[in-house]
Amino acid sequence: MTLRASSLVKKMLAAAKSELGEKWPDVRIYAESEARKLAQTIVMIEKLKATGRISRKQADILFDMQKQTSRVVLLTVEGLGLLAAEAAVNAAVKSIRDTVNDAIGWRLV
Amino acid sequence: MTYPISRARTVALFCSLAIVLISSGCAVQFVSRYDETTEKSITTIQRDVERLFQEIERSLGTPEARYENYVAVYEQLQIEATMLNTRAQAIDMNSITTEQSEQLIGWLNNLQRLHRTGIPAVDVLAVTRQQARQIFVAMLKFELAKKRQSDTVIVDGR
């Protein structure tokens with residue numbers, strides 16, 4: 001059986017969507033991108049195996065490397081989210097700083 | 001660009017932290033500030049990995065591409081990545097960069113194992129090179145975002 005990247009991506013995304021529930025819209029773009037790369041690597045491994053150009057050990061290593069790559073990418077996405085939340089909170093507090101400090105008479109905020 | 005933090009979680013985070021902020025009088029911080037040495041370390045490792053790929057690609061299919069000729073290069077890369085990881089661990093609120101550097105160490109270890117078994121095809125070399133670029137772009141993107149945030153904090157005088 002020949003694997004097709006598009007079918008693999010479709011299956012992976014359906015599973016991820018079901019697992020993530022309401023968080024799905026937030027991560028969809030990244031999940032799609034990483035699922036596509038994983039699927040491409042799997043399809044390449046299948047082609048190399050079919051022509052006897054890759055061993056089981058090499059296939060395992062290569063797939064593990066793709067998962068490690070995805071983890072690094074998704075960690076950046078998580079980090080950017082935290083930075084955005086940090087900036088939002090600080091901007092909100094800054095917006096009330098003068099009002100609060102003037103009213104209280106201390107530099108509270 | 002959207003980020004993977006749900007609205008409910010963000011609102012809850014916002015409310016609880018606003019209380020902390022007002023009571024403490026200082027800016028909130030979820031992630032470590034920018035560290036120039038970390039950024040330089042990532043760039044150095046990227047340069048060395050890219051050079052490794054160029055050399056292997058140029059000599060693929062010849063005895064020059066054999067793993068035995070690159071043992072010292074892999075050892076140097078592991079040292080650089082371990083130093084990056086140690087520094088990341090030593091910085092407060094830096095768990096994301098720490099985890100990324102751990103993944104990088106694992107990825108470099110796998111690249112070394114793959115080379116030891118003999119690079120199976122040009123396609124594999126291209127895929128692993130692409131993976132390396134994704135890893136370094138992601139890590140640098142996060143460090144530069146920290147830099148932008150740090151600059152904002154300095155401008156605000158906090």
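In segment B:93-115, the residues that are free of Cβ contacts under 8 Å to residues at least 40 places away in the same chain form Cβ pairs under 6 Å with partners that are open to solvent by less than 10 Å² (accessible area, probe 1.4 Å) and among the β-branched types (Val, Ile, Thr), at six or more places apart or across chains, as follows: B:103/A:72; B:110/A:61; B:113/A:61; B:114/A:61.
One residue is enough: does segment B:70-81 have a residue meeting the conditions assigned to a helix (DSSP H, G or I), at pLDDT below 95 and over 18 Å from the mean Cα position of the chain (by Cα)? Within segment B:70-81, not a single residue is assigned to a helix (DSSP H, G or I), at pLDDT below 95 and over 18 Å from the mean Cα position of the chain (by Cα). For segment B:113-128, a residue qualifies if it is polar (S, T, N, Q) and surrounded by fewer than 18 Cβ atoms within 10 Å (Cβ to Cβ), and exactly one does: B:117. Kindly check whether there is at least one residue in segment A:94-105 that is within 7 Å of another protein chain (Cβ to nearest Cβ) and either more than 25 Å from residue B:108 (Cα to Cα) or in a helix (DSSP H, G or I) (or both). Yes, segment A:94-105 has at least one match. Counting the residues of segment A:13-62 that are among the β-branched types (Val, Ile, Thr), more than 8 Å from chain B (Cβ to nearest Cβ) and assigned to a helix (DSSP H, G or I) gives 3.
Taken together, the residues in segment B:99-156 that are among the hydrophobic types (A, V, I, L, M, F, W, C) and within 30 Å of residue A:95 (Cα to Cα) amount to 6.
List the number of the failed condition for residue A:17; all other conditions in (1) open to solvent by less than 50 Å² (accessible area, probe 1.4 Å); (2) in contact with a Phe, Trp or Tyr (Cβ under 8 Å, 6 or more places away or on another chain) hold. So residue A:17 meets the others, but not (1). Give the residue that is surrounded by the fewest Cβ atoms within 10 Å (Cβ to Cβ), with candidates limited to residues of segment B:68-92 that are more than 19 Å from residue B:133 (Cβ to Cβ) and in contact (Cβ under 8 Å) with a residue 40 or more places away in the chain. So, considering only residues that are more than 19 Å from residue B:133 (Cβ to Cβ) and in contact (Cβ under 8 Å) with a residue 40 or more places away in the chain, the one surrounded by the fewest Cβ atoms within 10 Å (Cβ to Cβ) is B:92.
I'm trying to understand the selection: among the residues of segment A:63-87, which are facing another protein chain (nearest Cβ under 7 Å) and hydrophobic (A, V, I, L, M, F, W, C)? Selection gives A:65, A:72, A:73, A:75, A:77, A:80, A:82, A:83, A:84, A:85, A:87.
What number of residues within segment B:99-112 are among the polar types (S, T, N, Q), closer than 17 Å to residue A:74 by Cβ and open to solvent by 10 Å² or more (accessible area, probe 1.4 Å)? Qualifying residue count for the region: 1.
Counting only residues that are without any contact (Cβ under 8 Å) to a residue 60 or more places away in the chain and more than 17 Å from residue A:68 (Cβ to Cβ), how many does segment B:116-125 have? Selection size over segment B:116-125: 6.
The values are calculated or read from the model by the stated rules, or taken from the named source; none is laboratory data. All of these numbers come straight from a predicted model, not from anything done at the bench. Cβ sites come from the backbone with ideal geometry, for glycine too, and all protein chains shown count toward neighbours. Just the protein is used for accessible areas: all its heavy atoms, side chains included, with ligands, DNA and RNA removed. Shrake-Rupley method; radii C 1.70, N 1.55, O 1.52, S 1.80 Å.
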